[in-house]
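The values are calculated or read from the model by the stated rules, or taken from the named source; none is laboratory data. Everything numeric in this text was worked out from a predicted model, so none of it was measured. Methodologically, a virtual Cβ is constructed for each residue, glycine included, from the backbone with ideal geometry; neighbour enumeration extends over all protein chains shown.
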Amino acid sequence: AQKVTQAQTEISVVEKEDVTLDCVYETRDTTYYLFWYKQPPSGELVFLIRRNSFDEQNEISGRYSWNFQKSTSSFNFTITASQVVDSAVYFCALSEAKDGGSQGNLIFGKGTKLSVKP
Amino acid sequence: DSGVTQTPKHLITATGQRVTLRCSPRSGDLSVYWYQQSLDQGLQFLIQYYNGEERAKGNILERFSAQQFPDLHSELNLSSLELGDSALYFCASKEGVVGAPNEQFFGPGTRLTVL
């Protein structure tokens, strides 16, 4: 069964602290895709990153970085020098690639609510 | 702005009623997905259409149905509404062929409140 677990329900940090959001996934497929989405208080879902299962290279985008480890089925997200504007709910998601059936739909974790205080 | 539009933004209705949520995908996107976000269930995939055809079903109730029209916009119909149907309903679109590893872009959502 496909599953995404975000064990951290809520995290609170003070501005400029670094914070890591954990994501653990389960899938039987050898080819799959992992995503992070941000949901600010306004409610929309904003795409942050997609990672393919065959590409374990870590990625950095400004203050954001992602660590993908197939050996531990984890895809963690780190925000460096957090800012108040980073306050949001962050969702990790999994999408499997199969012939036929449910191609491409996202399986979301429960989300981690990040509060960054000034 | 993701380029995906959803109307209405808010909808308040009574139990037993029927409502229609509308979604216009990004220009050129052929795939449309519907998701429901509720406090108890989180974000759940409901149904997917690709170029007018249903391609995948998730946890969609029999009281719910959807379709994608020739102009690629999609509608989600919710009938015999219950209090538990109150949720934020998202539409997302994706370019390219089904199964391609492209990201889905989400609309702003329709918040449905059933009283």
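If B:Asp71 satisfies all but one of (1) outside any strand (DSSP E or B); (2) in contact with a Phe, Trp or Tyr (Cβ under 9 Å, 6 or more places away or on another chain); (3) more than 24 Å from B:Thr15 (Cβ to Cβ); (4) free of Cβ contacts under 8 Å to residues at least 24 places away in the same chain, what's the number of the condition it fails?
Looking at each condition in turn, B:Asp71 falls short on (2).
Can you name the residue in the range B:19-32 that is at pLDDT below 95 and outside any loop (DSSP other than H, G, I, E, B) and, of all such residues, is nearest to B:Gly107 (Cα to Cα)?
Restricting to residues being at pLDDT below 95 and outside any loop (DSSP other than H, G, I, E, B), the top hit is B:Val32.
Restricting to the range B:43-86, give me the number of residues that are within 14 Å of chain A (Cβ to nearest Cβ) and acidic (Asp, Glu).
2
Which condition from (1) part of a strand (DSSP E or B); (2) modelled with pLDDT of 95 or more is the one that A:Gln8 breaks?
So the condition that A:Gln8 fails would be (1).
A quick yes/no check of all residues on (1) at pLDDT below 95; (2) in a loop (DSSP other than H, G, I, E, B):
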{"position": "B:Gln17", "(1), (2)": "no, yes"}
{"position": "B:Trp34", "(1), (2)": "no, no"}
{"position": "B:Leu43", "(1), (2)": "no, no"}
{"position": "B:Gln48", "(1), (2)": "yes, no"}
{"position": "B:Ala56", "(1), (2)": "yes, no"}
{"position": "B:Ala66", "(1), (2)": "no, no"}
{"position": "B:Phe90", "(1), (2)": "no, no"}
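Out of everything in the range A:62-78 that is touching a residue at least 12 places away in the same chain (Cβ under 8 Å) and assigned to a loop (DSSP other than H, G, I, E, B), what residue ends up being surrounded by the fewest Cβ atoms within 10 Å (Cβ to Cβ)?
A:Arg63
Every residue in the range A:19-33 that is touching a residue at least 60 places away in the same chain (Cβ under 8 Å), over 15 Å from A:Thr78 (Cβ atoms) and either outside any strand (DSSP E or B) or within 14 Å of another protein chain (Cβ to nearest Cβ) (or both), please.
Across the range A:19-33, the qualifying residues are A:Thr27, A:Asp29, A:Thr31, A:Tyr32, A:Tyr33.
Would you pick out the residues in the range A:34-61 that are within 14 Å of chain B (Cβ to nearest Cβ), more than 25 Å from B:Thr110 (Cα to Cα) and not in a strand (DSSP E or B)?
If the condition is that a residue be within 14 Å of chain B (Cβ to nearest Cβ), more than 25 Å from B:Thr110 (Cα to Cα) and not in a strand (DSSP E or B), then A:Ser53, A:Phe54, A:Asp55 are the ones that fit.
Just checking, how many residues over the range B:18-42 are more than 12 Å from the chain's Cα centre (by Cα) and either within 14 Å of another protein chain (Cβ to nearest Cβ) or surrounded by fewer than 14 Cβ atoms within 10 Å (Cβ to Cβ) (or both)? Before the answer, list the steps.
Kept after step one, since they are more than 12 Å from the chain's Cα centre (by Cα), are these residues of the range B:18-42: B:18-19, B:26-30, B:38-42.
Of the ones still in play, those that are also either within 14 Å of another protein chain (Cβ to nearest Cβ) or surrounded by fewer than 14 Cβ atoms within 10 Å (Cβ to Cβ) (or both) are B:18, B:26-30, B:38-42.
So the answer is 11.
Could you pull out the residue among A:Leu106, A:Leu114 that is at the interface with another protein chain (Cβ under 9 Å from one of its Cβ atoms) and either acidic (Asp, Glu) or buried (at least 20 other Cβ atoms within 10 Å of the Cβ) (or both)? Walk me through how you get there before you give the answer.
Values: A:Leu114 fails: at the interface with another protein chain (Cβ under 9 Å from one of its Cβ atoms).
Selected residue: A:Leu106, the only one of A:Leu106, A:Leu114 that is at the interface with another protein chain (Cβ under 9 Å from one of its Cβ atoms) and either acidic (Asp, Glu) or buried (at least 20 other Cβ atoms within 10 Å of the Cβ) (or both).
Quick check on B:Gly52: is it under 20 Å from B:Ser2 (Cα atoms) and at pLDDT below 95? Working first, answer last.
Numbers: under 20 Å from B:Ser2 (Cα atoms): no; at pLDDT below 95: yes.
The answer is no for B:Gly52.
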